[in-house]
Structure formats: C-alpha cells, structure tokens
Amino acid sequence: MAKIVYLVVFFLSPSMALANTNAIYKCMKDDKVVFSHSVCPEAFRQHKIEYENGITTEVDSDKRETKVDPLRALLNKQTISKEKLILLLDGEIYRLNQENSYFEILRASEIQKLDRKRFWQTKAKDDPSYGLELQEINERFDQLMLNNTNVIEVLNKHKQKIEGEVTPDQLMSQ
C-alpha cells in the first residue's frame, strides 16, 4: 500500500509543481480512493499527503483545517497584536506601491501599442483621435494610481496612530 502511495505521489509530483502546491489529499470512502489537490468532501475520510524536499509524509487529516483571516478576526472583534497589525499594514502598503509600479508598466505598454497602431495607420502625432486615446489611457491609469495613493495615505495614518499608542513600558520591554 505504501509503495502505491509513493508511486502516485511520484507521478503526481510534476503536476503538483504546476499547481503551485506541495500537498494532495487522499479521499477515502468505503473501498474507493481518490486523490485530489483540494480538500475532500465531508462524506470522505481524508489523508493529507505532503511532498517537500524529496520527503513524502502522509497525515490523517480528517479534522478540517480552518485558517483565520486577520481581517475577519478584526471584524469579529477578536484581538490581534499591534506588531501583527503593523506587519499587515506594512504588507498592504508595499503591495499597493508594487501595484502602482505595475500600473506604470501597463501604461507604458498601452502607449507603445497606441503608437504602433498610429504608425501602421500612418497618422500624425497631432491627430485628434490619437490625442484622445492617449488622454484616455493616461486618465485611466492616473485614477487607478490616485486611488492606491489615497489608500496608502489612510493606511499610513492608521499605522502612525497604532505606533503612537505604544506605551513607554512596552518600549522598555522590547
């Protein structure tokens, strides 16, 4: 039985790399066994098979995993540490800055595409339709980046407020 599991994992390991996961689930009901990349339905017993660094482990995981979303925890008035909250805020600020950089790349790409279109249609740079399309592209990306910048400002204000709430005793213990 163990050899079969290892063979299945061996043959599924390339597809696991493509699925960007290192775990598959062995779903069992009566005499049926099914392997899946997603959690088994409630009617099935499940074993979680993990493959990492050439080592395969199989764990009886009938107890379903429930991951706690930090935002959901806050909304449910569960507590979250200030350090964790600051880390989450920093992560979101970083993500939004990266998204703004990505928008700049997309803007440049769309402008290049518009220039190629203009070139092949043998239109001048001062053609009104070219100017309108260019203005539309710039307005769209400016609006997206402005939205992100506004959210970054709000997040920075929240972060400063949270950092300001740290008492001197907490600073001494760090």
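The values are calculated or read from the model by the stated rules, or taken from the named source; none is laboratory data. Because the structure is a prediction, the values reported are computed rather than measured. Using ideal geometry, Cβ is built from the backbone for each residue, glycine included, and neighbour counts are taken over all protein chains shown. Just so you know, the surface numbers come from the protein's heavy atoms only, side chains and all, with ligands and any DNA or RNA stripped out. Shrake-Rupley method; radii C 1.70, N 1.55, O 1.52, S 1.80 Å.
For the stretch 24-46, enumerate the residues that are open to solvent by less than 40 Å² (accessible area, probe 1.4 Å) and assigned to a strand (DSSP E or B). Before you say what the answer is, go through the steps one by one.
Filtering the stretch 24-46 down to residues open to solvent by less than 40 Å² (accessible area, probe 1.4 Å) leaves 24-28, 36, 40, 46.
Matches in the stretch 24-46: Ile24, Tyr25, Lys26, Cys27, Met28, Ser36, Gln46.
Being touching a residue at least 12 places away in the same chain (Cβ under 8 Å), among the acidic types (Asp, Glu) and closer than 28 Å to Leu89 by Cβ is the filter here; which residues of the stretch 100-148 pass it? Break it down into steps so the answer makes sense when it comes.
Within the stretch 100-148, the first condition is being touching a residue at least 12 places away in the same chain (Cβ under 8 Å), and the residues that meet it are 100, 103-104, 106-107, 110-111, 114, 118, 130, 133-134, 137-138, 141, 144-145, 148.
From what is left, the residues that are among the acidic types (Asp, Glu) are 104, 110, 133.
Residue satisfying the conditions is Glu104 alone.
Need the failing condition index for Val33 against (1) among the aliphatic types (A, V, I, L, M); (2) under 30 Å from Glu165 (Cβ atoms); (3) at pLDDT 75 or above, just the number.
Here Val33 clears every test but (2).
Need the failing condition index for Lys26 against (1) modelled with pLDDT of 85 or more; (2) over 27 Å from the mean Cα position of the chain (by Cα), just the number.
Of everything listed in (1) modelled with pLDDT of 85 or more; (2) over 27 Å from the mean Cα position of the chain (by Cα), Lys26 misses just condition (2).
Report every pair of residues separated by at least 6 positions or lying on different chains whose Cβ atoms are under 8 Å apart, first residue within the stretch 34-53 and under 9 Å from Ile24 (Cβ atoms) and free of Cβ contacts under 8 Å to residues at least 60 places away in the same chain, second open to solvent by less than 80 Å² (accessible area, probe 1.4 Å) and part of a loop (DSSP other than H, G, I, E, B).
Here the result reads His37/Ala19; His37/Thr21; Lys48/Ser61; Glu50/Asn22; Tyr51/Asn22, each pair linking the stretch 34-53 to a residue that is open to solvent by less than 80 Å² (accessible area, probe 1.4 Å) and part of a loop (DSSP other than H, G, I, E, B).
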